[in-house]
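Each remark here refers to the structure printed beneath this line.
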Amino acid sequence: MIPKRRSSIFIIGLAVLLAIALTVGPATAAEKIRWKGQTCFGINTPLGKHTIVLWKDLVEQMSGGRMELTLHDAGEIVPGTKIYDAVKDGLLDFGLNTPAWQKGKYPAGDLFYTLPAGILEFNDLILWLYGGGGKELEQGMYGDELIVFPLGLTPPEEIWSKRPIKTLDDIKGLKIRAAGLSMDLWEKLGASVVLLTGGEVLPALQRGMIDATEFLDPSYDYTMGLHEVCKYRFGPPIHMSNNIFQLLIKTKSWNALPDDLKAIVERAAMAATFQGYADFWQSSIEYNKKIEEYGTVTSKLSKEDQQRARKLGMEIINEKAAKDPYFKKVWESQKAFIEKYRPYYNLTKFD
């Protein structure tokens, strides 16, 4: 038999442990961080699956369940073009969009993906973003308004047309759907430029409102049905090669995270970007074959035309740099990086 005094101490001890258990239980549950966000691309599309959906899954796995992310589909809470405002103003904890959509306020946003005519190619962009100060400049562009990380890479694009384009001179008079810096390039080449959302592209081609378009990679373009209305496609993508999007995070939500979860959120964005790019490419390979089998006529601009497009692209970028100080700052950073990086790169690549 346990003596009375020891029995009382034992009972008190059990009561204390029970009280601690009851206190710790709810606190631990409350420590789970729940964020709400939205994508500008459909969750079930390649642009959703290979970008923010993959990032969400990685964050929840890597955090061991300490973070729970609710991801709303495109347009569920706000229009895709308003995600930046929704995150900045605190309606969303996070969101995915493209820096090009903030070009009205931040013209330098056009520099955070590959540039026209191969001026800044995929390899240049990635090395500059992650090692040459690019992502720090992207954050600097927004200041304290929100937190930003690169998220989501697409394979190289192609250009579709209802008439054959064999040289740059064939572009004159073309009515083309375009966006970003490429709009200026097409205009310099004599084309009429129309800005359309993805859902408007195919109907515009069918109705004759436009007779050419750039949109995305073979998998996305084929799924949209561009091959059914455009008999021709050409490359290389002189308008731009690869898209890279951006993960936007509410500053208050970011600041509330402990350091280890901040690291997980950031590293998951990098992991999702490169894994998603590899997965996206598998689809590009498959659908490029389908496009060829369908009978689409494919051509490639000559080296001379590519150089001419590059010259025009440089003119456009320099003109814009003269008008906006931050655009100039980013462009100077890119140019300086290419000058340092290209000599060894050129030595090691095959011609």
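The values are calculated or read from the model by the stated rules, or taken from the named source; none is laboratory data. Everything numeric here is computed off the predicted structure, so don't read it as measured data. Quick reminder, even Gly has a Cβ in these numbers, built from the backbone with ideal geometry, and neighbours come from all protein chains shown.
Yes/no matrix, rows are residues, columns are (1) within 17 Å of F280 (Cβ to Cβ); (2) of a type in the set (A, V, I, L, M); (3) modelled with pLDDT under 95:
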| site | (1), (2), (3) |
| --- | --- |
| E200 | no, no, yes |
| A204 | no, yes, no |
| G208 | no, no, no |
| D211 | no, no, no |
| E228 | no, no, no |
| K231 | no, no, no |
| P236 | no, no, no |
| N243 | yes, no, yes |
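At least 3 residues being more than 26 Å from K335 (Cα to Cα) is the threshold, and among the helices (runs of 4 or more DSSP H) wholly inside segment 45-158 those reaching it are 46-49, 52-62, 83-88. The selection criterion, being more than 24 Å from F327 (Cα to Cα) and in contact with a strand residue (DSSP E or B) (Cβ under 6 Å, 6 or more places away or on another chain), holds for A74.
Checked against (1) farther than 30 Å from A271 by Cβ; (2) out of contact with any Ser or Thr (no Cβ under 9 Å at 6 or more places or on another chain); (3) of a type in the set (S, T, Y), S161 meets all criteria but (2).
Can you name every residue in segment 163-178 that is part of a loop (DSSP other than H, G, I, E, B) and touching a Phe, Trp or Tyr at 6+ places or on another chain (Cβ under 7 Å)?
The first filter runs over segment 163-178 and keeps only residues part of a loop (DSSP other than H, G, I, E, B), leaving 163-167, 172-174, 178.
The answer is R163, P164, I165, A178.
Scanning segment 113-163 for residues that are farther than 15 Å from T98 by Cα, among the β-branched types (V, I, T) and touching a strand residue (DSSP E or B) at 6+ places or on another chain (Cβ under 9 Å) yields I126, I159.
Among the residues of segment 120-132, are any among the charged types (D, E, K, R) and in contact (Cβ under 8 Å) with a residue 60 or more places away in the chain? Yes, segment 120-132 contains at least one residue that is among the charged types (D, E, K, R) and in contact (Cβ under 8 Å) with a residue 60 or more places away in the chain. Among the residues examined, G198 qualifies as small (G, A, S) and under 18 Å from the mean Cα position of the chain (by Cα).
Would you confirm, using the coordinates I've provided, whether P237 is outside any helix (DSSP H, G or I) and of a type outside the set (S, T, Y)? Show your work before the answer.
On the way: outside any helix (DSSP H, G or I): yes; of a type outside the set (S, T, Y): yes.
Yes: the conditions hold for P237.
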